[in-house]
1. Select from segment 391-427 the residues that are modelled with pLDDT under 95 and in contact with a Gly (Cβ under 8 Å, 6 or more places away or on another chain) and write down the one among them that is surrounded by the most Cβ atoms within 10 Å (Cβ to Cβ).
2. Among the listed residues Glu279, Glu286, which satisfies the condition of being part of a helix (DSSP H, G or I), modelled with pLDDT of 95 or more, over 24 Å from Gly443 (Cα atoms) and not assigned by TED's automatic domain parsing to the domain that holds His398?
3. Please give the number of the condition Ser125 fails out of (1) closer than 24 Å to Glu210 by Cα; (2) among the polar types (S, T, N, Q); (3) modelled with pLDDT under 95.
4. Say we look at segment 316-337 and pick out the residues that are assigned to a helix (DSSP H, G or I) and among the charged types (D, E, K, R); which of these is farthest from Asp458 (Cα to Cα)?
5. For segment 326-377, which positions are at pLDDT 90 or above and acidic (Asp, Glu)?
6. Of the residues Gly466, Gly422, Gly454, Gly443, which is without any contact (Cβ under 8 Å) to a residue 60 or more places away in the chain, small (Gly, Ala, Ser) and not assigned by TED's automatic domain parsing to the domain that holds Pro267?
7. Taking the stated definitions as given, is Val81 at pLDDT below 95, of a type outside the set (S, T, N, Q) and assigned to a helix (DSSP H, G or I)?
8. Quick one: what pairs do we get from segment 157-181, first residue farther than 20 Å from Gln144 by Cα, second part of a helix (DSSP H, G or I) and among the small types (Gly, Ala, Ser), C-beta under 6 Å, 6+ apart or different chains?
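The values are calculated or read from the model by the stated rules, or taken from the named source; none is laboratory data. Just so it is clear, the model here is predicted, and its values are computed rather than measured. Here the Cβ is made from the backbone with ideal geometry for all residues, glycine too, and neighbour counts use every protein chain on show.
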Amino acid sequence: MKTRSFLNLLAGLYMALTITSCIDTGIDHKIQLGGQIFNARDSFAIVWKRPTPKEAILGQSQTPFDTVHFDQKGLFLSDAVFDSGMYVFEYNDFEVPIYMQEGKTLNINFNAQSPRESLKFSGSSKKPNVFLKERRNLQSKIQQQANSLLGAPDSLFLGFLDSARKSLDTNVVEFITNKPSFDKTFLEDEQFTAYYYASNLLLDYIRFHEYRETADELKPSTKKMLDKIDINNDRAANNKEYLEFVQSAVSLKVNDSLQNIEGKVQPEQIVPVQFYMIEKMLDAPETKSYMSYAIGRQAFMFIGPDISDSTLTVIRKNITDKAYAKAFDETYTDWQRLTKGKVAPNIKGVDTIGKEIALSDLSGKPVYIDVWATWCGPCKEEIPSLKKLERKYRDDIHFLSISIDDNKIDWRSYVEDENLQGIQIHNEKAWKSKFVEEYKIRGIPRFIMIDSEGNIIDANAPRPSGKAEDLIEEALKTETS
């Protein structure tokens, strides 16, 4: 027993020495990541490779990089070879963003019972990770204050914003002063993060008043402050805060322009205005490529696969970045499976009494489909207009409403309480339903028109409050011709 205890002690000392000193382990590179989790209930943690903002936009998700296992004392070592960049150390539900430097070490220590409060770093990569931890804590405090001041007068909010900027700048400057020879890309990116994070706070304040129709309470000079913030900064084109600011700033201008349209704005009216604003506001190639790609993908949601040639020409002209251009072409090709005349993917669900009903059961008449949920405000706004269409065309076409509510009971109660007509079904897999993926549904309400033979008329049909009646009339004429 004493021999076993002594061997366990030696093993523990060996791991501890390796963590703190990077002694020779027989592996042909230095141990870069190690540490100790006190009071650990689980026996392992996962290290994820975090994609850059651009990689994330292009669809690359966070990927498992390594799994580290703990000994009885919670000590661990990773023998993975890390390139410089951002990773995430995940233990149970606690995630720690970490910055790894090629050839340098990082030790992570915390108590599993209070991980956030007890988190500590050591090793040759300690300073950038302490900085990132402090920055996250600072941003959290600033965000809480900002949220509490959204309804405050301009002078009060702008005073807070000025103080927040100084705190964020000081945080970055202190790190740069202590590590002047550190990775220049990392340092510049953190400067952009501080600047555009504060800029996004200003945008949030303005949008809060815009959307609550209290914009008249804002001083004109407050909104004009946005015009002084650089949105053509390609050096920041891979910075999350910058990209969010650019997209929000363009969207704000689009919303301002749409105020001049009489009546309810329909989704298909938005896309031309978006690209007009991109042309007007952006000239930095990488930033313009990003926005054109992001809005181009969004256009499929608004318009469907039948985007006009002129719109496609504008999108492709603006996307000069090869990665964004390739991703857009792949998206375009994917959506072509939903063009007019293609066989409609089937849709299945159960009605309020549990009977399964499928789109394929409804041949013989055109079908107008409504994808919705009880928690969706815009979906419920369309119900009065949908009921009018149902009363007028119920003998000529099928009206199929499919809910993607998580809670089936809520859906059934709403259908009964509101006396919803047509064919009402529910798919219990909600957003994970097969038809949601096949029809590329990324937002609701979504309307789809199918002909009597089960072929697509419009995979992104007009809303009932829009030009749905024109589409139905055209479909019925085609059926009888």
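1. Top of the filtered list is Asn427.
2. Values: Glu279 fails: modelled with pLDDT of 95 or more.
From the options Glu279, Glu286, the qualifying one is Glu286.
3. (1)
4. Lys322
5. Asp329, Glu330, Asp351, Glu356, Asp361, Asp370 - these are the residues of segment 326-377 that are at pLDDT 90 or above and acidic (Asp, Glu).
6. On the way: Gly466 fails: without any contact (Cβ under 8 Å) to a residue 60 or more places away in the chain; Gly454 fails: without any contact (Cβ under 8 Å) to a residue 60 or more places away in the chain; Gly443 fails: without any contact (Cβ under 8 Å) to a residue 60 or more places away in the chain.
Just one listed residue meets the conditions, Gly422.
7. Criteria not met by Val81.
8. Within 6 Å, the pairs are Val172/Ala194.
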